[in-house]
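Novice: Dumping the structure here so I can ask a few things about it.
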Amino acid sequence: MSIFEQKSRIGEYGRTGVLHTRAGDVPTPTFMPDGTRGAVKGLTPQQVVDTGVKVVLANTYHLHLQPGEAVIKELGGLHAFANRKGPLLTDSGGFQVFSLGEHVKITEDGVHFKDPKTGDKRFISPEKSMQIQLDLGADMIVAFDHLIGLGDETETEVKDAFDRTHRWLERCIVEFKRLTKDMDEAERPLLFGVVQGGLNLNLRKKSLEIVQESEVDGIAIGGLSVGETRAEMETVLKALAPLYRDDKPRFLLGVGTPEDLKIAVENGIDMLDCVLPTRNARHATVWTENSKKIHLTNEKYGVDSSVIDKTCNCYTCKNGFSKAFLRQMFKAGDPLGGALASIHNLRYMSRICEEYQKIV
Ligand SMILES: [Zn+2]
């Protein structure tokens, strides 16, 4: 059985499908919230499941620093540790490491950095990232790539990161095979290779060609949503859309407003993750009908008895939590406000995905 079964088309390049993972099947397109330290902030695993979310993403970097993969492995892996029953995906740790800016030293071997909390020296290489992610026990893992922030790099720097990303991918594949050689095919996690190349369309296309012909289970598109405009992101996604193979899932890293989700899905993306829906929610910002953003702390909601979105069937809207009550929670600093708003925003993203999944 192939890892990804394509079902129907969404426009010219989009598609619905089913992704098979060892922790269960995932209908696509699918939005994956970030459970940074093993949990989606402020929500119980059941509350997350109830929003329709099928996959949770956890951050390798954060879990590596605290409590460390050895502790999580000893406690039975991330599923047992965090009481997560469905599929889990971990990122490579690269995004957070490269985001540390001046405290990072990149060599061909890997990346040296300092733990921002303790000042301890740390090192992550392609091999180390594979080992950490396998110890964490995620069902889908991502190759360690050389991320660049967009905009101020020279062409040489972009090309350099591009070439290193593919050399590192080969090292990830070798290490992944070594570490999983005793696993049955059915119990092996899926490995995603990362496509880089900044906003240079030729490099992007070349990177996609290299990654999807490598021994990876899925394709991840990295280096977008790091400061470029929506139009620039769309240009890259449109350039790649006609070039994907049908048999591998495509994951767009770190993209997640309702508008971006639609652009991505219509250009062939199956899976997306982002901190935005839950981070926004914790800051009282929620989406309502037609992707309109509202701020629940706004004074005008003080006596508003209506729910966030009357068309929404999330726990928060369905049970009649009014904007006035939610505003009161945020004003009082009660974390219930953030939890109820997070439930709504996650359901909001899931509903968009479910609408696509209905296309036959
Ligand atoms: Zn709702």
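The values are calculated or read from the model by the stated rules, or taken from the named source; none is laboratory data. This structure is a prediction, so every number in the text was calculated from the model and none was measured. So basically every Cβ, Gly included, is an ideal-geometry build from the backbone, and we count neighbours across all protein chains shown. With ligands, DNA and RNA removed, areas are computed over all heavy atoms of the protein, side chains included. Shrake-Rupley method; radii C 1.70, N 1.55, O 1.52, S 1.80 Å.
Novice: Search segment 268-302 for residues being assigned to a loop (DSSP other than H, G, I, E, B) and either at pLDDT below 95 or open to solvent by less than 10 Å² (accessible area, probe 1.4 Å) (or both), and hand back the single one that is farthest from the ligand (Cβ to nearest atom). Step through it out loud before you land on a result.
Specialist: As a first pass, look at segment 268-302 and keep what is assigned to a loop (DSSP other than H, G, I, E, B): 268-270, 275, 283-284, 296-298.
Retained after the next criterion (residues that are either at pLDDT below 95 or open to solvent by less than 10 Å² (accessible area, probe 1.4 Å) (or both)): 268-270, 275, 284, 296.
Values: Gly268: 29, Ile269: 24, Asp270: 25, Val275: 19, Ala284: 14, Leu296: 12 Å.
Filtering first and then ranking leaves Gly268.
Novice: Can you pull out every residue in segment 88-136 that is within 18 Å of the chain's Cα centre (by Cα), in a helix (DSSP H, G or I) and of a type outside the set (Phe, Trp, Tyr)? Steps first, answer last, please.
Specialist: Here is the first cut: in segment 88-136, the ones within 18 Å of the chain's Cα centre (by Cα) are 88-99, 129-130, 132-134, 136.
Cutting the leftovers down to in a helix (DSSP H, G or I) gives us 94-98, 129-130, 132-134, 136.
Once the filter is applied, which keeps residues that are within 18 Å of the chain's Cα centre (by Cα), in a helix (DSSP H, G or I) and of a type outside the set (Phe, Trp, Tyr), segment 88-136 yields Gly94, Gln96, Val97, Ser129, Met130, Ile132, Gln133, Leu134, Leu136.
Novice: Hey, another quick one. So Ser225 fits all but one of (1) of a type in the set (Ser, Thr, Tyr); (2) in a loop (DSSP other than H, G, I, E, B); (3) within 16 Å of the ligand (Cβ to nearest atom); (4) in contact (Cβ under 8 Å) with a residue 24 or more places away in the chain; what number is the exception?
Specialist: Exception for Ser225: condition (3).
Novice: Only one of these conditions is not met by Thr51: (1) open to solvent by less than 20 Å² (accessible area, probe 1.4 Å); (2) free of Cβ contacts under 8 Å to residues at least 40 places away in the same chain; (3) farther than 20 Å from Leu190 by Cα. Which number is it?
Specialist: It is condition (2) that Thr51 fails.
Novice: Which one of these is of a type in the set (Val, Ile, Thr), over 14 Å from the mean Cα position of the chain (by Cα), closer than 24 Å to Lys159 by Cβ and not in a helix (DSSP H, G or I): Val216, Val194, Val236, Val211?
Specialist: Working: Val194 fails: over 14 Å from the mean Cα position of the chain (by Cα); Val236 fails: not in a helix (DSSP H, G or I); Val211 fails: not in a helix (DSSP H, G or I).
Sole residue among the options that is of a type in the set (Val, Ile, Thr), over 14 Å from the mean Cα position of the chain (by Cα), closer than 24 Å to Lys159 by Cβ and not in a helix (DSSP H, G or I): Val216.
Novice: Is it true that Asn345 is outside the structural domain of Asp50 (by TED's automatic domain parsing), open to solvent by 10 Å² or more (accessible area, probe 1.4 Å) and of a type outside the set (Val, Ile, Thr)? Before you say what the answer is, go through the steps one by one.
Specialist: Working: outside the structural domain of Asp50 (by TED's automatic domain parsing): yes; open to solvent by 10 Å² or more (accessible area, probe 1.4 Å): no; of a type outside the set (Val, Ile, Thr): yes.
So Asn345 fails the test.
Novice: Additional query: Working only within segment 303-326, note down all residues that are touching a residue at least 40 places away in the same chain (Cβ under 8 Å) and buried (at least 19 other Cβ atoms within 10 Å of the Cβ).
Specialist: Taking segment 303-326 as the starting set, the residues that turn out to be touching a residue at least 40 places away in the same chain (Cβ under 8 Å) are 314-315, 326.
If the condition is that a residue be touching a residue at least 40 places away in the same chain (Cβ under 8 Å) and buried (at least 19 other Cβ atoms within 10 Å of the Cβ), then Cys314, Leu326 are the ones that fit.
Novice: Pick from Leu78, Leu57, Leu43, Leu89: which is open to solvent by less than 30 Å² (accessible area, probe 1.4 Å), over 21 Å from Leu276 (Cβ atoms) and of a type outside the set (Val, Ile, Thr)?
Specialist: Working: Leu57 fails: over 21 Å from Leu276 (Cβ atoms); Leu43 fails: over 21 Å from Leu276 (Cβ atoms); Leu89 fails: over 21 Å from Leu276 (Cβ atoms).
The match here is Leu78.
Novice: Let me ask something additional. Would you pick out the residues in segment 318-339 that are near the ligand (Cβ under 9 Å from one of its atoms) and touching a helix residue (DSSP H, G or I) at 6+ places or on another chain (Cβ under 6 Å)? Before the answer, list the steps.
Specialist: Our first condition is that a residue be near the ligand (Cβ under 9 Å from one of its atoms); within segment 318-339, this holds for 318, 321.
Correct list: Phe321 only.
Novice: From the residues in segment 171-201 that are under 21 Å from Pro249 (Cβ atoms) and among the charged types (D, E, K, R), which one is modelled with the lowest pLDDT?
Specialist: Filtering segment 171-201 for residues that are under 21 Å from Pro249 (Cβ atoms) and among the charged types (D, E, K, R), the one modelled with the lowest pLDDT comes out as Glu185.
Novice: Could you give every pair whose Cβ atoms fall below 8 Å, whose first residue belongs to segment 70-87 and is in a helix (DSSP H, G or I), and whose second residue is open to solvent by 40 Å² or more (accessible area, probe 1.4 Å) and among the small types (Gly, Ala, Ser), counting only separations of at least 6 or pairs across chains?
Specialist: What qualifies is Ala82/Ala39.
Novice: Related question: Between a residue in segment 335-351 that is closer than 15 Å to Val49 by Cβ and any residue that is within 8 Å of the ligand (Cβ to nearest atom) and part of a helix (DSSP H, G or I), which pairs come within a Cβ distance under 6 Å, given they are 6 or more apart or on different chains?
Specialist: Ile343/Tyr315; Ile343/Thr316
Novice: While we're on this one: Only one of Gly52, Gly38 is in a loop (DSSP other than H, G, I, E, B) and under 18 Å from Met130 (Cα atoms). Can you tell me which?
Specialist: Gly38 is the lone residue from the list that is in a loop (DSSP other than H, G, I, E, B) and under 18 Å from Met130 (Cα atoms).
Novice: Moving to a separate point now. In segment 239-265, which residue that is assigned to a loop (DSSP other than H, G, I, E, B), within 16 Å of the chain's Cα centre (by Cα) and not hydroxyl-bearing (Ser, Thr, Tyr) is nearest to Val18 (Cα to Cα)?
Specialist: Just the residues of segment 239-265 that are assigned to a loop (DSSP other than H, G, I, E, B), to begin with: 244-249, 253-257.
Checking which are within 16 Å of the chain's Cα centre (by Cα) leaves us with 249, 253-257.
Subset that is not hydroxyl-bearing (Ser, Thr, Tyr): 249, 253-256.
Working: Pro249: 9, Leu253: 19, Gly254: 21, Val255: 20, Gly256: 20 Å.
Restricting to residues being assigned to a loop (DSSP other than H, G, I, E, B), within 16 Å of the chain's Cα centre (by Cα) and not hydroxyl-bearing (Ser, Thr, Tyr), the top hit is Pro249.
Novice: Enumerate the pairs (first residue in segment 105-118 and closer than 17 Å to Arg171 by Cα; second residue anywhere and part of a loop (DSSP other than H, G, I, E, B) and polar (S, T, N, Q)) with beta-carbon separation below 8 Å, excluding pairs fewer than 6 apart on the same chain, so at least 6 apart or on different chains.
Specialist: Asp109/Ser125; Gly110/Ser125; Val111/Ser125
Novice: Quickly run through segment 92-108 and pick out the residues that are hydrophobic (A, V, I, L, M, F, W, C) and open to solvent by 20 Å² or more (accessible area, probe 1.4 Å).
Specialist: Applying the first criterion (hydrophobic (A, V, I, L, M, F, W, C)) to segment 92-108 yields 95, 97-98, 100, 104, 106.
Answer for segment 92-108, where residues must be hydrophobic (A, V, I, L, M, F, W, C) and open to solvent by 20 Å² or more (accessible area, probe 1.4 Å): Phe95, Phe98, Leu100, Val104, Ile106.
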